[in-house]
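Heads up: the structure comes next, in structure tokens.
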Amino acid sequence: MKRVASRKEKMSKVIDPICPKPREILEKNKVKSTTNCIPSGTGSPMIEVDSIRGGTYVVDLQRRKCACRRWDLTGIPCKHVVSVINFMRQKPEHSDMWMPTNEQAILPPPYNRQPEKGTKPPPKTKNELRTKAQLRKAAAKDKRYEKRVAEKAVAKAASKGPPTRGRPPKSTTSTVRNASANAQPSQPSQASSRSSVRI
């Protein structure tokens, strides 16, 4: 808040139509344009600028474009544009070189005082209370439904009784009994045959 107020007070004393920082950049570009740039053209709006360090840049004053794209990005005429403006015998501070803005003055952001510790929160509105009650009812309804489903599952399992494994197949029991019955009378026949041999 103090920073915004100090900047506002500082800007209220400025009479120049250009802000201080863009003015500072423009003055640097003026110096660079006289030492590093050589414009060449025939009076058309598109003029070619040769840089001493190497490189050629085309400047279009009508479309407000430069090949280096600094004028497009910042809105401040670069050194190539300044050299072209001087070549056309105009001033960089001319109003046609700057995009006008019809925006309102920049104001500080709104400030809401935070509640202090130990203070009660503000009362809730009717809509907030209504939505909270609806959410509470929906949660209770879901709990009742889950409880009902669980009770039904328990009752269904109790009605079926304990799980049974089943009986063994009948064919196996009958074959085992027949085999045991056939094996018992065969023993005395073997004994009688042995006795007859000994005699």
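The values are calculated or read from the model by the stated rules, or taken from the named source; none is laboratory data. What you see is a predicted model, and the numbers here were worked out from it, not measured in a lab. Note: ideal-geometry Cβ built from the backbone for every residue, glycine included; neighbour counts use all protein chains shown. For the accessible areas, the whole protein counts, side chains as well, though only heavy atoms, and no ligand, DNA or RNA atoms are used. Shrake-Rupley method; radii C 1.70, N 1.55, O 1.52, S 1.80 Å.
For the peptides 113-125, 79-91, 132-144, the ranking by packing is 79-91, 132-144, 113-125, with the highest mean count of neighbouring Cβ atoms within 10 Å listed first.
Label point of Leu135 set 7 angstrom out along Cα-Cβ; within the stretch 109-126, amide nitrogens under 20 Å from it belong to 121-126. Kirkwood radius and radius of gyration were both taken over the C-alpha atoms of the stretch 1-83, and their ratio Rg/Rh is 1.12. Taking the charge dipole of the stretch 1-126 about its Cα centre, with +1 at Lys and Arg Cβ atoms and -1 at Asp and Glu Cβ atoms, the residue from Val59, Thr35, Thr74 reaching farthest to the positive side is Thr74. When only alpha carbons are used to place a centre, the stretch 128-147 and the stretch 1-65 end up 65 Å from one another.
Close Lys pairs in the stretch 1-106, defined as Cα atoms under 22 Å apart and 8 or more places apart or on different chains, number 23.
Taking Leu73, Leu26, Leu129 and ordering them by how much accessible surface each has at a 1.4 Å probe, largest first, produces Leu73, Leu129, Leu26.
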